[in-house]
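The values are calculated or read from the model by the stated rules, or taken from the named source; none is laboratory data. Owing to the predicted nature of the structure, the values given are computational and were not obtained by experimental measurement. Cβ sites come from the backbone with ideal geometry, for glycine too, and all protein chains shown count toward neighbours.
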Amino acid sequence: MTWRNGTVSRFIMAGRYRTHYIECGKGQSVILVHGGGPGASGEFGWYKNIDAIGQHGRAIAVDLIGFGLTDKPANIEYSYQTLVRHLADFIDALCLDRVHLAGNSMGAYVVAKYAVDYPDRVSKLLLVGSGTIATAMGLEMPVTPGLQRLVQYDGTRESLRAFLEQLMRHPEQITEEQLEKRYRHAQLPSVMDVQRSLLNYFRHKCREDPNHAQLFDLRHRLPRLTIPMLFVWGRYDIFAPLELAEKLQQLLPNAEFVFFEDSGHVVQHDEPERFNELAIRFFFG
């Protein structure tokens, strides 16, 4: 990817795991957490946003454990709490006392769960289109076309393209360079194992195992969060459909909701200029 504002690529040890991230700018830290799917990473999640946010603060897009260029250990269970613990270790490794957080899809759940687990460490919370949060709030997640494409991913370039086209309202914006680089990331060792583990956790374990269900649940904690919380949702989201957002509004009176009229599941890619303006105003205004 090409950045305009001095964005750099770095590694750090977060707990026991070598963790990759990109960052830009100085000042108040905004941690950006990507969604799931093959080849996902901080870079692919936020490449249209990190420069803009980095002009007002320190924008940091992390590759969660099992994703991007971060370690993908084979001897652990990839639950959502595993991702939350890794995010906690990453923030500690950077010696950050208090941060702003933004997350998309699965990443939105990760930052929301971090915020309720560590409320004194988070100043503001921005959440982009998340069926995972809806499920954790007790809503039924339908089998959407986007989820079907994710389940059907078979490791080929063609199935990766089909999956990515479900994410965006305007898939024609996906360049061959972006597809090729994400495909290379998706071919790294253990990527498929991580995908299967997280899908199994989301579809079965967090619903059927009482211990995991209790750990995953947000129903009694997220509505009590007192920090500023903003949900951003695309009206053409076919991963987490609009009706989930409308139901979440009723469950989360402490959150503001903003709907983007020309976006799918990755609002920050479909309408990056409007998203960047909104994020900058929310975090730094």
Members of the stretch 111-129 found to be closer than 22 Å to ASP89 by Cβ and either without any contact (Cβ under 8 Å) to a residue 60 or more places away in the chain or touching a His at 6+ places or on another chain (Cβ under 9 Å) (or both), listed by number: TYR114, ASP117, TYR118, ASP120, ARG121, VAL122, SER123, LYS124, LEU125, LEU126
Residues being surrounded by 15 or more Cβ atoms within 10 Å (Cβ to Cβ) and either free of Cβ contacts under 8 Å to residues at least 60 places away in the same chain or touching a strand residue (DSSP E or B) at 6+ places or on another chain (Cβ under 6 Å) (or both) - total across the stretch 149-161: 3
Odd one out for ASP63 among (1) under 30 Å from SER159 (Cβ atoms); (2) surrounded by fewer than 24 Cβ atoms within 10 Å (Cβ to Cβ); (3) among the acidic types (Asp, Glu): (2)
Residue, nearest to THR135 (Cα to Cα), within the stretch 185-226, restricted to residues that are over 20 Å from the mean Cα position of the chain (by Cα) and basic (Lys, Arg): ARG207
Residue among ASN49, ASN75 that alone is without any contact (Cβ under 8 Å) to a residue 40 or more places away in the chain and of a type in the set (S, T, N, Q): ASN75
The listed residue being part of a loop (DSSP other than H, G, I, E, B) and more than 30 Å from ILE76 (Cβ to Cβ), out of PRO223, PRO253: PRO253
Residue within the stretch 200-221 that is at pLDDT 90 or above and under 19 Å from PHE239 (Cα atoms) present: no
Residues satisfying the stated conditions in the stretch 227-248, i.e. surrounded by fewer than 15 Cβ atoms within 10 Å (Cβ to Cβ) and free of Cβ contacts under 8 Å to residues at least 60 places away in the same chain: GLU243, GLU246
Residues within the stretch 165-179 that are aliphatic (A, V, I, L, M), in a helix (DSSP H, G or I) and over 14 Å from THR144 (Cα atoms), tallied: 1
Answer residue from the stretch 256-268, given it is under 18 Å from the mean Cα position of the chain (by Cα) and in a loop (DSSP other than H, G, I, E, B) and is nearest to GLY131 (Cα to Cα) among those: HIS265
